[in-house]
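Any read-out appearing in this document is the output of simple, stated calculations on the displayed coordinates, not a laboratory observation. Here the structure is a predicted model, which is why all the values come from computation and not from measurement. Backbone-built Cβ (ideal geometry, glycine too); neighbour counts: all protein chains shown.
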C-alpha cells in the first residue's frame, strides 16, 4: 500500500511528515507541544505491550500480520479518550472489511483496560503501555509536572499512578498511526491539544486511500 499524491498533501498539511529529531527514552519533553513523533516511512518500534488479560503482545510482530490502525490514548479516566474509543467502535467493522485491525494503546494497566472495554462495549484490542516504552519509542510521550499530577489527583480525583501502576508521570499525546504489513508507518496524526481527535470519518477516508 502506497500513499497517493492526495494523501501526501493531507499528511503535509497535518504536519505528519515534519522532520524528526531523535529522542532518547530519558529525554521526554515537559510539554505536549514539544513531542517529535515518528514520521511516515519510519518502522513501528519493536516493543512489548500487555493485553487486558496481562499477556505479552509484541507490537511490531502483530502489526506485520495485517495493516493496522494504532491509536494512542491517555487512559480510561479521560472523557475525550472514551468518546474517541467509542467512536472508533462504530467503524471497526468497516476497517475489518478493508483488512485493517485496530490496536488502542494507553498507560493503563491491564485491569483498567478491562474496565474500559466493558464500560464502552469495545471489541477491538486494548493494550497496556504502563512503562510508556511504546509512547516514548513513537516519540509522543511527555512529562507531567508535579503541580499537574497533584491537581489531577486532588481536584479531579484522577490518580494516574494508580491507573498505570507506575510513578513516571508520563502521558502520550493522543495519536493515530497507520502501519502496513512491512511494519512501516504510512500515516500519522498527532495533536498536542488532547481535546482534538482525528474523526472516525477521517480515519476511514485515509484507510480507503491507503487500501
Based on DSSP, what percent of beta bridges with both residues in the range 87-189 are antiparallel, to the nearest 5? 65
Starting with the fewest neighbours, write out 33, 131, 164, 106 ranked by other beta-carbon atoms found within 10 Å of each beta-carbon. 33, 131, 164, 106
Labelled set (1) 70, 45, 33; (2) 48, 36, 29; (3) 61, 45, 25; Cα extents along the principal axes in Å computed from this model equals the value at (2)
Could you check what % of the DSSP bridge pairs in the range 28-126 are antiparallel, to the nearest 5? 30
Answer rounded, prolate or oblate for the range 144-202, using the Cα gyration tensor with square roots of eigenvalues a ≥ b ≥ c: rounded when a/c is under 1.5, else prolate when a/b is larger than b/c, else oblate. prolate
How far apart, in nanometres, would the label points at residue 51 and residue 202 be if each is projected 7 angstrom from Cα along the Cα-to-Cβ direction? 3.1
So, relative contact order of the range 41-111 in percent, Cα under 8 Å, 6 or more apart, is 37
Given the chain, what percent of its DSSP beta bridges are antiparallel, to the nearest 5? 70
